[in-house]
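Below you'll find the structure, written out as structure tokens, and then a few comments.
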């Protein structure tokens, strides 16, 4: 399968991506959860110290996974599978800096619980942007 480095975004398709974004988030969580399980179960047989080290490595990889993939390619496997790409609001490619900013602000989007602020902003903003998207000047659109 030949995956393009950075898919061509279909600008002005921000609206109506909310369900796809949620499904992509769940799919990425499942992928990462399975990978974590595969690594942590064997580590647990090697002792507590190894389990803690592997857990810390997995935590770092989780952040890098999203930061790097969205910053370099515009998508995670979940977003790619659901036909989405993250771009700057002017249609240019997302950068690693923008990806780091938008994803670190997931903490704010998640407040006070259950991703409430993020959901409310996605529903209220013209381009379905959450706090992280607004701060990083990014949008999630469909890809061609």
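Here are some notes:
- Considering residues of the stretch 1-10 that are surrounded by fewer than 14 Cβ atoms within 10 Å (Cβ to Cβ) and touching a residue at least 24 places away in the same chain (Cβ under 8 Å) only, the residue farthest from residue 121 (Cα to Cα): 3
- Neighbours by Cβ (under 8 Å, 6+ apart or cross-chain): first from the stretch 119-134, touching a residue at least 60 places away in the same chain (Cβ under 8 Å) and at positive phi; second surrounded by fewer than 21 Cβ atoms within 10 Å (Cβ to Cβ) and assigned to a loop (DSSP other than H, G, I, E, B): 128/15; 128/16
- Evaluation of residue 102 against (1) over 14 Å from residue 18 (Cα atoms); (2) in contact (Cβ under 8 Å) with a residue 40 or more places away in the chain; (3) in contact with a strand residue (DSSP E or B) (Cβ under 6 Å, 6 or more places away or on another chain) (one fails), failing number: (2)
- Condition check for residue 46: exposed (fewer than 12 other Cβ atoms within 10 Å of the Cβ) and more than 18 Å from the chain's Cα centre (by Cα): yes
- Matching residues in the stretch 25-41 - criterion: being over 30 Å from residue 140 (Cα atoms) and surrounded by 12 or more Cβ atoms within 10 Å (Cβ to Cβ): 39, 40
- For residue 113, the test of being modelled with pLDDT under 90 and either touching a helix residue (DSSP H, G or I) at 6+ places or on another chain (Cβ under 6 Å) or over 19 Å from residue 28 (Cβ atoms) (or both) is passed.
- Residue in the stretch 52-63 that is closer than 23 Å to residue 85 by Cβ and surrounded by 14 or more Cβ atoms within 10 Å (Cβ to Cβ) present: yes
The values are calculated or read from the model by the stated rules, or taken from the named source; none is laboratory data. What you see is a predicted model, and the numbers here were worked out from it, not measured in a lab. Don't worry about glycine lacking a Cβ; one is built from the backbone with ideal geometry, like all the others, and counts go over all protein chains shown.
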